[in-house]
């Protein structure tokens with residue numbers, strides 16, 4: 001397994017983030033695809049320039065993050081769907097097969113308008129991913145792993161996959177990331193290295209997409225993201241589970257909070273490195 005870093009977690013411009021990532025010992029970068037450097041309307045020349053920046057720093061893309069909000073999965077917004085497809089093409093041009101995203105919250109009852117819409121949009125994106133040899137990777141967290149697997153199984157496509165975020169499973173769904181690895185083993189193509197705690201149980205629909213379920217907006221203070229190793233992710237058994245299923249891809253450090261993200265990312269890399277040597 002290799003260690004990556006979410007470029008935006010450094011809160012620096014892209015070129016400086018690459019330099020710091022390399023200095024800290026990362027092998028890869030994940031980046032958002034709605035920034036000044038990476039965006040749907042990129043030209044071939046701009047793609048070459050970004051690839052050159054990565055190469056100059058000895059880095060590769062672990063994935064792109066094509067997260068344009070959950071609305072598209074409930075509204076079937078054509079503009080957003082087409083933008084997601086374009087990012088899959090750009091990802092391939094930048095050297096990665098993986099585009100990660102949040103899709104909202106899979107309902108427990110599949111006989112509802114929300115499921116119908118989510119299924120239709122995800123099926124289209126999954127089939128497009130298949131056509132370009134890529135992966136449309138749904139990020140874990142809003143629902144338990146068993147429910148997500150049932151939804152993915154129903155799409156009938158190998159283009160759909162999973163970006164496993166252990167912290168989101170702990171913080172939001174109150175699920176066990178170790179068990180989730182085995183449950184989702186056929187779909188995992190990318191993972192986030194993030195940690196956290198659930199402070200209070202919550203209906204995740206109130207956090208991610210309340211308006212589409214007729215709910216009041218929830219309070220994100222019910223969860224707490226922590227530096228790696230200081231939350232409730234069982235890292236030793238989580239890494240063992242990834243090894244057991246034959247996963248050999250990226251653990252991409254993502255730090256969305258904190259006053260000193262560079263220090264937290266450095267801590268995460270130093271925390272993971274010896275564990276990966278043992279795994």
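A few points about this structure:
- Test: residue in segment 119-126 that is assigned to a helix (DSSP H, G or I), over 24 Å from residue 252 (Cβ atoms) and in contact with a strand residue (DSSP E or B) (Cβ under 9 Å, 6 or more places away or on another chain): yes
- In this structure, residue 196 does not qualify as over 21 Å from residue 253 (Cα atoms), crowded, with 20+ Cβ neighbours inside 10 Å and in contact with a helix residue (DSSP H, G or I) (Cβ under 7 Å, 6 or more places away or on another chain).
- Criterion: under 19 Å from the mean Cα position of the chain (by Cα) and closer than 30 Å to residue 107 by Cβ - qualifying residue of 205, 217, 201: 205
- Qualifying residue in segment 235-250 (condition: modelled with pLDDT of 95 or more and under 30 Å from residue 75 (Cβ atoms)): no
- Every test in (1) over 20 Å from the mean Cα position of the chain (by Cα); (2) assigned to a loop (DSSP other than H, G, I, E, B); (3) under 21 Å from residue 148 (Cβ atoms); (4) touching a residue at least 40 places away in the same chain (Cβ under 8 Å) is passed by residue 111 save one, and that test is (4).
- Subset tally (residues that are at pLDDT below 90, touching a helix residue (DSSP H, G or I) at 6+ places or on another chain (Cβ under 6 Å) and at negative phi) for segment 251-260: 1
- Residue within segment 148-156 that is in contact with a helix residue (DSSP H, G or I) (Cβ under 7 Å, 6 or more places away or on another chain), surrounded by fewer than 20 Cβ atoms within 10 Å (Cβ to Cβ) and more than 21 Å from residue 180 (Cβ to Cβ) present: no
- The number of residues in segment 30-46 that are in contact with a helix residue (DSSP H, G or I) (Cβ under 7 Å, 6 or more places away or on another chain) and more than 30 Å from residue 119 (Cα to Cα) comes to 1.
- Taking the conditions (1) farther than 26 Å from residue 128 by Cα; (2) buried (at least 24 other Cβ atoms within 10 Å of the Cβ); (3) in contact with a strand residue (DSSP E or B) (Cβ under 9 Å, 6 or more places away or on another chain) in turn, residue 169 satisfies each one other than (3).
- Qualifying residue in segment 47-67 (condition: at pLDDT 95 or above, in contact with a helix residue (DSSP H, G or I) (Cβ under 8 Å, 6 or more places away or on another chain), within 18 Å of residue 209 (Cβ to Cβ) and surrounded by 15 or more Cβ atoms within 10 Å (Cβ to Cβ)): yes
- Note on segment 47-83: residues that are closer than 24 Å to residue 105 by Cα and touching a strand residue (DSSP E or B) at 6+ places or on another chain (Cβ under 7 Å) amount to 5.
The values are calculated or read from the model by the stated rules, or taken from the named source; none is laboratory data. Being a predicted model, the structure only gives us computed values, none of them experimental. So basically every Cβ, Gly included, is an ideal-geometry build from the backbone, and we count neighbours across all protein chains shown.
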